[in-house]
1. Name the single residue, out of those in the stretch A:180-201 being in contact with a Ser or Thr (Cβ under 6 Å, 6 or more places away or on another chain) and assigned to a strand (DSSP E or B), that is farthest from A:TYR157 (Cα to Cα).
2. Filter the stretch A:140-179 for residues that are in a strand (DSSP E or B) and of a type outside the set (D, E, K, R); which is farthest from A:LEU110 (Cα to Cα)?
3. Restricting attention to the stretch A:305-351, report how many residues are assigned to a helix (DSSP H, G or I) and not basic (Lys, Arg).
4. Mind listing whichever residues of the stretch A:35-50 are assigned to a loop (DSSP other than H, G, I, E, B) and at pLDDT 85 or above?
5. Can you confirm whether the stretch B:249-266 contains a residue that is in a loop (DSSP other than H, G, I, E, B) and not β-branched (Val, Ile, Thr)?
6. Would it be correct to say that A:LEU152 is away from every other protein chain (no Cβ under 14 Å), on the phi < 0 side of the Ramachandran plot and either in contact (Cβ under 8 Å) with a residue 60 or more places away in the chain or not hydroxyl-bearing (Ser, Thr, Tyr) (or both)?
7. Restricting to helices (runs of 4 or more DSSP H) lying wholly in the stretch B:148-236: which have 1 or more residues that are out of contact with any helix residue (DSSP H, G or I) (no Cβ under 6 Å at 6 or more places or on another chain) and within 14 Å of chain A (Cβ to nearest Cβ)?
Amino acid sequence: MKKLLLTTVACVAMPMMGFALDKPDSLKVGMTTFLTGPASVFGVPARDAMDILVANLNDAGGIDGVPVEVSYIDEGAGAEALSSEFRRMVETGGADVMFAAISSGNCQTLAPLAEDLKVPNFLWDCGTQKIFEEHDYKYVFRTQANATPEMLAAVIYLLKVKPDFKTLAVVNQDYAWGRDSWDIFSTALKAMKPDVEVVGEFFPKFGAPDFSTEISRLQALRPDVVLSTSWGGDLDTFVQQASQRGLMNTSTFVLPLAESSLERLGSALPAGQIVGARGDHYFLHPERRDDADFKAFMTEYEEKTGSVSVYSVFHASQALAALKAGYEKAIADNGGTWPDKDQFVAAMEGLTFQGLGLPVTIRADHQGIEAQLMGTSVQTGDYPFATLENIMVFDGAELTAPVGAVSTEWVGALDASFMDGLSISTFDK
Amino acid sequence: MNVTIFLLALFDGVSYAALVFIVALGLTLIFGVMRILNVAHGSLYAIGAYATVSLTGFALSMGAAPILAFPLMLISAVLVGLLIGGPIEVLLLRRIYNKPEVLQLLVTFAVFMILEDVQRLVWGTQPYFQSAVLQSLGNITVLGVTYTVYQLILLPLVAVALLLGLRFFLRHTLNGKLILATTEDREAAQSIGIDADRVFLLTFIVGAILAGLGGALASPTTSILPGMGADMIVLSFAVVATAGLGQIEGAALTALMIGLGRSFAIYFWPEIAVLVPYLIMVLVLLVRPEGLFGSPAARKI
């Protein structure tokens, strides 16, 4: 009888024990990243950075003594394989937290899946602003900005440094990002400078090997400004071909993702072109380059990979920093003991954490507020490739559509006076 | 129509067509002789480009003049043909000439997939760009638009030279005539003492060299990265199918049609530029299912 009673008490007590979980042996994280395909220009550096950051974190005692263990899933395998790998890693692989994904399409597929599986998921790199504008998620957070502040920063920087331009042409990749980013950019531009004439819109196919015809057409059109939100090999080819044929002498290029191509482009990117970094991501970040943690990481990363870091490295650092800060906050909220999943999720809202860039805050709708850095290319000779001068760092909160607002509507309602009230830090280089 | 715009679109179309034609040439030659649609042709194209970039990069770092990249392109192409094309024919294709076409297609597709991963293993996933040779030839300004000499003049010249050269080779040299005879009727050719195995090997190597040369010539103009072969095989297949499989002169003409169609689309209706090659292919195949220059063949089965 006594035994039965004890067992009953134990069974009743079981669900309550969630509040005082034992520390796990390790915190398992699953990260989706492109290891194959064109987007591996972001995915591979992010994985390399994550390996370094996790090793350093674990050397320093992990999170509250618990080491972090990261496994990777290749996004290049396609959405279907990715979904089943994601599910497998959560259901049988025991992943506690997922970091997914780079591709906006993959984020849109995996966010509802993470919600179904009730696994905390960080949208660590994808750009689409639609996720939290069209849905409400409990378990999904974005540890970085979205396309709206990224494009707005580019528009405002352009208007600040080249206020008198009259004509603009766009050459974007023909897929969701190329189209959506142009929507936001053109809406913002028309709202803030209605007299600009768009003289050409080109959407060459994703992965196009040749832009010669577009460049001939642009040379005949002679726009003051050429915008391209392309990235990777596409951007490299476009810039190389445009530079070879002198198009960059007659038009100013606005390249919101060119930070990730600076090193590969070498001397092909001439001075005077506008470069963005999808956030405040730059290996010579003016507000961070003298900090010990930043310098130490940049040196270690360069030694291990032979390249300077690109924005996806920063995004990886932010996801890991959010994980650490989130768990530490949840532990503190939980009286010093290891939290359960729901306590961790509760701690994430309103959380501020710092990766390699400036601090990022998770808003009520789970969107991250991240500063934006823009600059102008310059060939100084200090590096065998272009670096940035005339850098502006924008406050992310001012450029992100308010909670509940739809970006394209919010951006469309702006006017020229919007630029005046912004807090912008400027740096010569 | 504005004459200037018309001429500019013409120039762009011709230089684009030249590159597509060089790759399609090898594909159609192999099909014409061996009746095999070689999907791995796309990989040979990509490897030709990668090899050129590596060799040129190495030569430049040793202080060589950029112009030296031209012989290196040729060397890369020949290496691709001999070291990759040769073994593919001897070790794989030779076993399956009498097997169903679907199987042949699957085998070359498998080779394509394997070679895609080989590229990733050897060269990694980061894009390469090596345009020293293109820059060394300088620019030329026509009607206010700057072109590179390499793309506007050199590539079309090479394409025409290859077309004429291949015609001459097939019709006026012994090896070429052996190839033509084997194409006409393999069994009859063998019965009069032609070594068909050797002819097939020769053809495949020449075709592979042409694929590699296409990649080598494309390399200074574009980012070299994984997946570039897949795009090229699709496009050159469109050219070859539109012309009629095995039609060399036809491939030249359809490459030109597709190149011009695409560049005019970019000038006048950019939204459909991607579609143009396939629209042309569909329209031609609707009217002439055997291709523009193909002749209806009696089915074997």
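The values are calculated or read from the model by the stated rules, or taken from the named source; none is laboratory data. Treat the numbers as computed from the prediction; the structure is a model and nothing was measured. Cβ: placed from backbone, ideal geometry, glycine included. Neighbour counts: every protein chain shown.
1. A:VAL199
2. A:THR167
3. 29
4. Correct list: A:LEU35, A:ALA39.
5. no
6. So A:LEU152 fits the description; yes.
7. B:196-218
Conditions tested, residue by residue: (1) aromatic (Phe, Trp, Tyr); (2) surrounded by fewer than 23 Cβ atoms within 10 Å (Cβ to Cβ); (3) at pLDDT 95 or above.
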position: A:LEU351; (1), (2), (3): no, yes, yes
position: A:GLY355; (1), (2), (3): no, no, yes
position: A:ALA371; (1), (2), (3): no, no, yes
position: A:MET392; (1), (2), (3): no, yes, yes
position: A:ASP420; (1), (2), (3): no, yes, no
